[in-house]
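A.B. asks: Okay, here's the structure, questions in a sec.
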Amino acid sequence: MSDERESGRSGQERPSTAADRRGRHVAPVPAAGGGASKGRPTPVRDGRPAKGSLPNRIMRFLREVVAELRKVIWPTRREMVTYTIVVLIFVSFMVALVALMDFVFGQGVLFLFGT
């Protein structure tokens with residue numbers, strides 16, 4: 001069906017590159033050795049301000065830290081107690097599991113090699 005739509009476009013060929021589809025054309029590449037801009041870094045165009053002094057940068061950093069901390073959704077006391085209990089139960093389970101595995105492997109080593 002897409003072939004039918006393309007053939008009904010009064011004989012126009014489909015653009016082969018994304019730049020052609022947007023109506024742009026790629027500029028020709030200059031010959032080797034030509035072009036005055038070769039060897040120069042591209043200038044910064046992202047609108048960043050020039051670096052300020054060290055105290056100004058530290059103050060800006062601290063202001064941004066405070067701004068980010070204001071965005072944090074802090075847990076309530078009840079949520080914190082719940083999270084703490086869950087973590088303690090999980091850690092206790094993992095300690096018991098590792099202790100059990102240590103005991104089993106220790107018994108296995110004693111069985112294989114004896115004392």
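The rows are residues; the columns are (1) surrounded by 10 or more Cβ atoms within 10 Å (Cβ to Cβ); (2) at pLDDT below 75; (3) not charged (D, E, K, R).
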position	(1), (2), (3)
ALA18	no, yes, yes
ARG24	yes, yes, no
GLY52	yes, no, yes
ARG70	no, no, no
ARG78	no, no, no
PHE90	yes, no, yes
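A.B. asks: For the structure I just gave you, tell me whether ASP3 is at pLDDT below 90 and either touching a His at 6+ places or on another chain (Cβ under 6 Å) or not in a loop (DSSP other than H, G, I, E, B) (or both).
C.D. replies: yes
The values are calculated or read from the model by the stated rules, or taken from the named source; none is laboratory data. It should be emphasised that the depicted structure is a prediction, and the values quoted were computed from it without experimental measurement. Backbone-built Cβ (ideal geometry, glycine too); neighbour counts: all protein chains shown.
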